[in-house]
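These notes concern the structure reproduced below.
The values are calculated or read from the model by the stated rules, or taken from the named source; none is laboratory data. Predicted model, so just to flag it, every value in this text is computed and none were measured. No Cβ is skipped: glycine too gets one built from the backbone with ideal geometry, and neighbour counts run over all protein chains shown.
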Amino acid sequence: MFKDGDGKPTVGFCLWCNKNFYSSEEVAEHNADHLAKCPVFQQLKDEDCMPPVMQVMLENVGLPAEPKESEVHVTAGKFELGQVVATPGALAAMEESGEQPGEFLSRHASGDWGDLCEEDRIENEFSLEQGFRLLSSYKLRSGTVIWVITEADRSSTTLLLPDEY
């Protein structure tokens, strides 16, 4: 079960404006007509920034340091993310830079592989088609690099620092 800051159950949140949703109807209304009801997306849609994202449901608008038995597997783009976990180092780096895991999970799931060379991007596209492991690399505002890795069987996705691999 997902909850807002007050402990009220939610079905997800907007990765652009951070609005909590309490029903599927609210999600559909917010996302209709190219996110017409999202003020942040409307302000940034013509800028060179992160592509439109789908809703990703994460507990406490973050990631638990350790997975729980009841983790929900969600689809957030081109493939299943599976159980989402993060290393303490990755969580600390994102907290330090003021960035949220959902930003990077959305980009990864949509096929935005981040700061990879062309050869690695081609490998990811091949891996996506063939069901192999997927890797994205992103630079945080602080300059720290984080990786997002989805296992070949799509059972889990991990956010980690390269030196934690």
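Assorted remarks:
- Number of the condition not met by Ser106 [criteria: (1) crowded, with 17+ Cβ neighbours inside 10 Å; (2) in contact with a strand residue (DSSP E or B) (Cβ under 8 Å, 6 or more places away or on another chain)]: (2)
- Scanning region 148-161 for residues that are free of Cβ contacts under 8 Å to residues at least 60 places away in the same chain and surrounded by 15 or more Cβ atoms within 10 Å (Cβ to Cβ) gives Val148, Ile149.
- Test for Asn60: is it part of a helix (DSSP H, G or I) and at pLDDT below 65: yes
- When Glu123, Glu96, Glu119 are screened for being more than 12 Å from the chain's Cα centre (by Cα), charged (D, E, K, R), outside any loop (DSSP other than H, G, I, E, B) and buried (at least 16 other Cβ atoms within 10 Å of the Cβ), only Glu123 passes.
- Only a single item in (1) at pLDDT 85 or above; (2) outside any loop (DSSP other than H, G, I, E, B); (3) surrounded by fewer than 17 Cβ atoms within 10 Å (Cβ to Cβ) is not met by Leu91, and it is number (3).
- Residues of region 2-19 that are at pLDDT 75 or above and farther than 19 Å from Phe104 by Cα: Asp6, Gly7, Lys8, Pro9, Thr10.
- Between His34, His30, the distinction of being at pLDDT 80 or above, of a type outside the set (Ser, Thr, Tyr) and either closer than 24 Å to Lys8 by Cα or not assigned by TED's automatic domain parsing to the domain that holds Leu105 (or both) belongs to His30 only.
- Selection count where residues are exposed (fewer than 12 other Cβ atoms within 10 Å of the Cβ) and within 18 Å of Ser110 (Cα to Cα), scope region 128-147: 3
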